[in-house]
1. Kindly indicate whether any position in the stretch 7-14 is under 24 Å from LYS177 (Cβ atoms), among the charged types (D, E, K, R) and under 16 Å from the mean Cα position of the chain (by Cα).
2. Find all pairs meeting these conditions: Cβ atoms under 7 angstrom apart; at least six residues apart or on different chains; first residue within the stretch 101-128 and in contact (Cβ under 8 Å) with a residue 24 or more places away in the chain and within 20 Å of ILE154 (Cβ to Cβ); second residue of a type in the set (Gly, Ala, Ser) and outside any loop (DSSP other than H, G, I, E, B).
3. In the stretch 11-43, how many are of a type outside the set (Asp, Glu) and crowded, with 17+ Cβ neighbours inside 10 Å?
4. Is it the case that the stretch 41-58 has a residue that's touching a residue at least 60 places away in the same chain (Cβ under 8 Å) and within 18 Å of the chain's Cα centre (by Cα)?
5. Return yes when GLU165 is at pLDDT 80 or above, closer than 20 Å to ARG3 by Cβ and surrounded by 14 or more Cβ atoms within 10 Å (Cβ to Cβ) and no when it is not.
6. Give the residue that is surrounded by the most Cβ atoms within 10 Å (Cβ to Cβ), with candidates limited to residues of the stretch 98-112 that are within 10 Å of the chain's Cα centre (by Cα) and under 12 Å from PHE171 (Cα atoms).
7. Would you point out which residue out of GLU65, GLU128, GLU79 is among the charged types (D, E, K, R) and modelled with pLDDT of 95 or more?
8. Can you report the number of residues in the stretch 45-74 which are part of a loop (DSSP other than H, G, I, E, B) and surrounded by fewer than 18 Cβ atoms within 10 Å (Cβ to Cβ)?
Amino acid sequence: MARVELAVYSLLEVFHKYAAIEGDLLQLNIRELQTLLQRELPTIKQDDPLSEMDSNHDGEVDFEEFIIFITKSTASKWESYVRQLLKGTRNEKLEDETSTEKAMTVLIQTFLQYASKEGNPLCLEIKEMKHLLKAEMPTLYKCFTSHHRRTAEIMKMLDTDGNGEVDFKEFMTFIAKFALAVDMAVIRTVASSGT
């Protein structure tokens, strides 16, 4: 499996592993959330993580709320990393001790790898995005191409500000949507199998 797809699956696995501690695979309660943050994201300090993540105020965190938090946290790591690079700090290392941190690092490094091929090294152009999708998200790429979507159409969908490039925040929004679709597919599969 390709790196971006593996990173997404890793995030799904982490969420459901911690959600299952007290039985509900679809929700993290406050204890599960605190355990997940302590073990998987020890460098991210949250005074009141539940209130920050629980956008629907139901007292729990579902996968959508979790992946939005991961998206914001990864974007924050990206910004810090890029600032260090722009200052000339070549030895800036991304923290990646846990599986969640490793997934976040993979997303950042993959984006940088493809964005640096042409033009703006901090944005993906059409050609770069096509190469990224084809190599790092082949399952999704096949889905797009089987529905006769051209790369330009995909870019238009991803390029929310209309500037002709996909920046890191747009990329992470796309990753979050992909993760939600995969999570829903997994839930449907499990529900239909009766497991």
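The values are calculated or read from the model by the stated rules, or taken from the named source; none is laboratory data. All values reported here derive from a predicted model rather than from experimental measurement. Glycine gets a Cβ as well: all are built from the backbone with ideal geometry, and neighbour counts include every protein chain shown.
1. yes
2. Close Cβ pairs (under 7 Å, with a partner that is of a type in the set (Gly, Ala, Ser) and outside any loop (DSSP other than H, G, I, E, B)) amount to LEU107/ALA7; LEU122/ALA115; CYS123/ALA115; LEU124/ALA115; ILE126/ALA152.
3. So the answer is 14.
4. yes
5. no
6. LEU107
7. Residue meeting the stated conditions: GLU65.
8. Number satisfying all stated conditions: 9.
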